[in-house]
């Protein structure tokens, strides 16, 4: 029997035209885990995660086991940022 692990996540699978911090935030709401492999292989994703962390829209769970990173979406900060972008 062969067992294949997948370390990919919805945020890392965003198509080129959708690779924005807002879309990564939406993907994190659906699935809050991102693998170390996705972050190291996708500079755009690492940049979006850094932007979201620096703006206070997400925080990281420091106790998540390797190779996963678990992010909590800060609803107040995320809503404020999305509202400012819309108008």
Practice task
Please go through the stretch 35-62 and pick out each residue that is at pLDDT below 95 and surrounded by fewer than 11 Cβ atoms within 10 Å (Cβ to Cβ).
Solution key: 62
Exercise for the section: Could you check residue 56 against (1) in contact (Cβ under 8 Å) with a residue 12 or more places away in the chain; (2) farther than 24 Å from residue 75 by Cβ and say which number it fails? Expected result: (2)
Completion exercise
Within the stretch 41-77, the residues that are within 14 Å of residue 20 (Cα to Cα), part of a helix (DSSP H, G or I) and out of contact with any strand residue (DSSP E or B) (no Cβ under 9 Å at 6 or more places or on another chain) are 43, 44, 46, 47, 48, 50, 51
Fill in the blank from the handout: Note on the stretch 16-38: residues under 14 Å from residue 67 (Cβ atoms) and within 9 Å of the chain's Cα centre (by Cα) are 33, 34
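The values are calculated or read from the model by the stated rules, or taken from the named source; none is laboratory data. Quick caveat: nothing in here was measured; it's all calculated off a predicted structure. Glycine also receives a Cβ, built like all others from the backbone with ideal geometry; neighbour counts cover every protein chain displayed.
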